Amino acid sequence: MNASASVPTSAESLRTALGGLLDGLPPKQATAAVDRLIASYRGRTPTDSPVLRDRSDVAAYAAYRMPATFEAVRSALDALAEAAPRWSPGSHVDVGGGTGAATWAVDATWDGPRGTTVLDWAEPALALGKELAAASPSQALRAAEWRRAVIGSGLALPEADLVTVSYVLGELTPEARRAVVAEAARAGQAVVLVEPGTPEGYLRIREARDQLIAAGLKVAAPCPHDGTCPIEVGQDWCHFSARVSRSSLHRKVKGGSLPYEDEKFSYVAATRFPVEPVPSRITRRPQIRKGLVLLELCGPREEGLTRATVTKRHGDLYKAARDADWGREWPPATA
């Protein structure tokens, strides 16, 4: 059962839990830790040598990244839930889950009991993730298992309904990356991979998508088909955007003043069970002009990338286009 209506509560619970853990940590210390960790932790450290020095480091990094990771993964999971409206995961393995942002996102997307295992190489991150989950009102989060594992070529996963791998592939060597995707495809009935919304992140997702298809999975989202991605490499890249609310402490750590930020991400969701992909997906922010809306679309395999011009003469479809969001299906099911 999809629980999208509970998302604000889940997001607020996460912010509250983070705020409680960060009480007493001076913002200057948090900012310094974030700056150091950005430079040396994500993407530049071997998976068997994490640089998180202590709980303060992990707390600062969680404040910096968890809200954005939560929203990006939740958006990807929403797309999977829309493609498989009668399915929900009874078990979940989060690979390289760190402090558990993806686990919170799964909990925000589906109701019901669920066995969850979070795997990561950094003990301080796992410890803080478990502490955060203990503060959640969700029984599924509080009961999650947090286990140390080296994320790489030797990874062995328990079989699960859902396997998530978010913001991890870019930290791995190409060989380890392929091994992790292969193991996720073997173990999961559904696999969701999320990477930064950069050209490099998109290429990693594109490569992983091909690997998942070769392993027998079907693409559920964002693509409307299992064919070759129609984007010409080097000319463009597929990515989406999620709006992230920022607490006052988060703004201090990030050095900004706005109450929100936009997290750009690329993703693929694939399954071993039947799904209903969208007919087309909006691949850029809609451009609203006087009397018309321009939509960049990725459509059926035979159509590829197209542009739709929706004008007032289209009636209700025009109203829907003016309300359409980047990353959503087109035309909307209710139009």
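The values are calculated or read from the model by the stated rules, or taken from the named source; none is laboratory data. All values reported here derive from a predicted model rather than from experimental measurement. So basically every Cβ, Gly included, is an ideal-geometry build from the backbone, and we count neighbours across all protein chains shown. Quick note on the areas: whole protein, heavy atoms, side chains included, nothing else; ligands and nucleic acids left out. Shrake-Rupley method; radii C 1.70, N 1.55, O 1.52, S 1.80 Å.
Which one is nearest to ALA140 (Cα to Cα) among residues in region 54-110 that are of a type in the set (D, E, K, R) and part of a helix (DSSP H, G or I)?
ASP107
Checking ALA140 against (1) within 22 Å of TRP87 (Cβ to Cβ); (2) crowded, with 24+ Cβ neighbours inside 10 Å: exactly one of these is not met. Which one?
(2)
Pick from region 301-322 the residues that are touching a strand residue (DSSP E or B) at 6+ places or on another chain (Cβ under 7 Å) and of a type in the set (A, V, I, L, M): which of them is farthest from ALA333 (Cα to Cα)?
Applying the filter and picking the extreme gives LEU305.
Just to be sure I understand the filter: pairs with C-beta atoms under 6 Å, separated by 6 or more residues or on different chains, first member in region 122-145 and closer than 15 Å to ALA17 by Cα and in a helix (DSSP H, G or I), second member open to solvent by 60 Å² or more (accessible area, probe 1.4 Å) and of a type in the set (Lys, Arg). Which pairs pass?
That search, which allows pairs on different chains as well, returns ALA133/ARG142; ALA134/ARG142.
Quick one: how many residues across region 282-308 are more than 26 Å from the chain's Cα centre (by Cα), open to solvent by 70 Å² or more (accessible area, probe 1.4 Å) and within 21 Å of CYS223 (Cα to Cα)?
3
Residue by residue through region 326-335, note down the ones that are touching a residue at least 12 places away in the same chain (Cβ under 8 Å) and either among the small types (Gly, Ala, Ser) or surrounded by 13 or more Cβ atoms within 10 Å (Cβ to Cβ) (or both). Working first, answer last.
We begin by selecting, within region 326-335, every residue touching a residue at least 12 places away in the same chain (Cβ under 8 Å); these are 326-332, 334-335.
TRP326, GLY327, ARG328, GLU329, TRP330, PRO331, PRO332, ALA335, listed by residue number.
What's the number of the condition TRP104 fails, among (1) at pLDDT below 95; (2) open to solvent by less than 20 Å² (accessible area, probe 1.4 Å)?
The single condition TRP104 does not satisfy is (1).
Within region 271-281, which residues are open to solvent by less than 30 Å² (accessible area, probe 1.4 Å) and touching a Gly at 6+ places or on another chain (Cβ under 9 Å)?
Passing the criteria: THR271, SER280, ARG281.
Those residues that are touching a helix residue (DSSP H, G or I) at 6+ places or on another chain (Cβ under 9 Å) and either in contact (Cβ under 8 Å) with a residue 12 or more places away in the chain or within 10 Å of THR283 (Cα to Cα) (or both), I need them from region 295-319; list them, please.
LEU295, ALA308, VAL310, THR311, LYS312, TYR318
List, please: which pairs have Cβ atoms under 7 Å, are six or more places apart or on different chains, and start with a residue in region 215-235 that is farther than 13 Å from LEU305 by Cα and end with one that is part of a strand (DSSP E or B) and open to solvent by 30 Å² or more (accessible area, probe 1.4 Å)?
Once the first residue is farther than 13 Å from LEU305 by Cα and sits in region 215-235, its partners that are part of a strand (DSSP E or B) and open to solvent by 30 Å² or more (accessible area, probe 1.4 Å) give ASP226/LYS218.
Please enumerate the residues belonging to region 264-307 that are of a type in the set (Asp, Glu) and modelled with pLDDT of 95 or more.
GLU276, GLU296
Which ones in region 178-196 are open to solvent by 10 Å² or more (accessible area, probe 1.4 Å) and either hydroxyl-bearing (Ser, Thr, Tyr) or within 15 Å of the chain's Cα centre (by Cα) (or both)?
PRO196, the sole residue that qualifies.
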